[in-house]
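Worksheet: one structure, shown below.
The values are calculated or read from the model by the stated rules, or taken from the named source; none is laboratory data. Just so you know, these numbers come straight off a predicted model, no measurement behind them. All Cβ positions, even for glycine, are placed from backbone atoms using ideal geometry, and neighbour counts span all protein chains on display. Just the protein is used for accessible areas: all its heavy atoms, side chains included, with ligands, DNA and RNA removed. Shrake-Rupley method; radii C 1.70, N 1.55, O 1.52, S 1.80 Å.
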Amino acid sequence: MSRAIPWWRLILRLSLWSGLLLGSWMLSLLLLQALFGRQLERLQTVQLGRELALSIRLTELTLERYPPILINELTGLQLAVIIQPPRLPRTRGEGDSRITGLQRELCARLSHCPLVVPARRSGTSDQVWIELISPLEPVWLRAELPTVRAWPPEPTLLMVGLAGAVVITGVVYLLVEVERPLRGLERALSRVGEGSDPPAVPARGAPEVQRITSRFNAMVLRLAANRRERATMLAGIAHDLRAPITRLQFRLSMPTLNPSEKERCSSDLDALERITDQFLLYAGGGENEAVVTCPLDQWLAEVVAGYSPEQLELDLKPINAPFRPVALGRAVSNLINNAFTYGTAPIVVRLRQEQNDLQIEVWDQGEGIPADQWDRALQPFQRLDEARGEQGHCGLGLAIVNHVVERHGGTLKFQLADDAAGPAPGRFCAALCLPHNTSAQGIFKKTKYQ
């Protein structure tokens, strides 16, 4: 169950996200003002030019019959009868560009191009004088220039900026509160089932992500408990088998047993020993064994030294690699024993390298495992031939091999002679495919958390 978040932390997070929203809004307004402020100014100038052009045409027609003072009283236009209005110093700036734009609009809409000069500021707005065509006296029209508000911005920019701030804040929220915690959860999930238990993932981010993280941590704890129970069960089975093994050993030492009974007891003893070893190997797996780097070809020659040269042949290339010698030796021995038990001699053990991988291949001359049962053969407690159980086989041999090779970051593959790239030394092959790297960190990439 996830714990409740303290109230002060909720207030702090709410304040941070509110501050981010407000800051994004301010930044969006500044960007919009910089990008679209000139565009709004041009549109306002065009609109003002359209209105003034209409007013100028009507006023010039009216001046032919009525004096400017009467037109000013009737229309409210600011008309002045002056020869030349007082000019302000021309500046290369915002006011100058607005005057030039307004004059351009008037020239495009009127039959003549009126003179437009700046007027003295009246209040907070800039104004201009526009020369009119009058039949009797010089008349000038005073008009205000459009202004783009720096602050507060236009309502349209305010709404667009708010929408942009909401989008920015939402994206940052998804990255910080959802995507980053989920990425950490994904990394932890990829480590599940690689041998050791991954550490608990801190519950961070959005409440929904925290609930998922808490459930993941609970799942990891349950998996660890189940694995401990399985190891305890397997160890207990192996321990219980030790008792009949001891009794059989005692009976074999009695002189009253005839040779046939001794042979049967010895066969039972071998079967029990084989089952016990398989249980112990599968329960242990060799995860705690240290990794060493040594010549793999020489090590393989020592592993198979106990077999007859007529029954087992070697085809080894000199390769140095890091590995766990005891665990990998058990896997190779299991493959060789399976080949002798269920295949046909001679057995060929071949070591070769393909690009970034190295392969330990065990070939025999038998029929091998049918292709449709290869996946089933790797499952624990699976006996493809039920009669094998009478010989002390409990279906853990290939499962142990697969377990060991996975701890080395590799895979166990089966191959037929017909599928081999070149000439094959046998008919059926079980191959340990391991990543080849000169460092232990490279070959044990998948098990670095063990």
Q: Hey, can you grab everything whose amide H is under 5 Å from the amide H of S134? Only 5+ residues off in sequence or another chain; H modelled, so Pro and N-termini drop out.
A: V139
Q) Check A321: other-chain or 5+ apart residues with amide H under 5 Å from its amide H, H built from backbone geometry? A) C294, L296
Q: For segment 316-373, report the accessible area per residue in Å² (1.4 Å probe, heavy atoms, rounded to an integer).
A: 42 Å²
Q: Please sort 132-145, 403-416 by packing, taking for each peptide the average over its residues of neighbouring beta carbons within 10 angstrom, highest first.
A: 403-416, 132-145
**Q.** Derived scalar couplings ³J(HN,Hα) [segment 105-111; Karplus, 6.51 cos²θ - 1.76 cosθ + 1.60; whole Hz; x for Gly, Pro]
**A.** 5, 5, 5, 6, 9, 10, 6
Q: Please calculate the 1.4 Å probe accessible area of V171, with all protein chains present, and give it to the nearest 10 Å².
A: 80 Å²
Q: Can you check what the net charge comes to around L358, using other residues whose Cβ is under 10 Å from the Cβ of L358 (Lys, Arg +1; Asp, Glu -1)?
A: 0
Q: For segment 301-308, take each phi angle, set θ = phi - 60°, evaluate the Karplus expression 6.51 cos²θ - 1.76 cosθ + 1.60, and give the result in whole Hz per residue in order, putting x for glycine and proline.
A: 4, 6, 4, 9, 5, x, 8, 5
